[in-house]
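S.K.: Structure incoming, see below.
The values are calculated or read from the model by the stated rules, or taken from the named source; none is laboratory data. Computed from a predicted structure; not experimentally measured. Glycine also receives a Cβ, built like all others from the backbone with ideal geometry; neighbour counts cover every protein chain displayed.
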């Protein structure tokens with residue numbers, strides 16, 4: 001049973017685990033957490049420093065396939081901030097030991113982008129894009145949204161590092 005599509009920012013709670021199907025296709029499994037801000041009278045409650053106060057934390061199992069799964073496993077780790085877009089799906093199975101029916105909800109990831117920390121990326125040759133590296137194409141883009149075409153990315157440029165130049169200044 002398919003549930004709604006999710007597009008949100010999350011934090012990885014552990015290192016992604018990579019395995020392979022019998023056909024050799026990569027399958028990356030990982031878990032994430034997202035904080036829900038506390039609200040009073042429709043307004044987000046903030047602490048004395050101006051940061052939102054967390055009301056609840058959502059933990060979610062995720063799975064990504066193929067090249068996207070390979071890149072997540074290679075470039076993300078525990079504590080990484082990621083933007084994920086995908087569909088929530090319910091899996092059902094029968095427990096082999098007890099015979100009881102079990103189920104879980106997981107996010108099947110269609111798009112992922114690791115958000116580099118400010119102190120990361122010093123050795124990064126491409127800057128910006130997927131997981132500290134260059135944006136690798138439409139196969140990671142959300143359905144019908146931003147990022148579908150790398151040419152639409154205002155940070156992408158023909159004078160990138162592969163062409164011998166790079167500027168931290170946005171092109172607008």
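S.K.: Within region 79-89, is there a residue that is modelled with pLDDT under 95 and in a loop (DSSP other than H, G, I, E, B)?
M.R.: The answer is yes, given that some residue of region 79-89 is modelled with pLDDT under 95 and in a loop (DSSP other than H, G, I, E, B).
S.K.: For region 96-110, what are the residues that are touching a residue at least 60 places away in the same chain (Cβ under 8 Å) and within 13 Å of the chain's Cα centre (by Cα)?
M.R.: 107
S.K.: With a cut-off of at least 2 residues that are closer than 24 Å to residue 115 by Cβ and out of contact with any helix residue (DSSP H, G or I) (no Cβ under 7 Å at 6 or more places or on another chain), name the strands (runs of 3 or more DSSP E) lying wholly within region 1-62.
M.R.: Filter on region 1-62 gives 2-12, 26-37.
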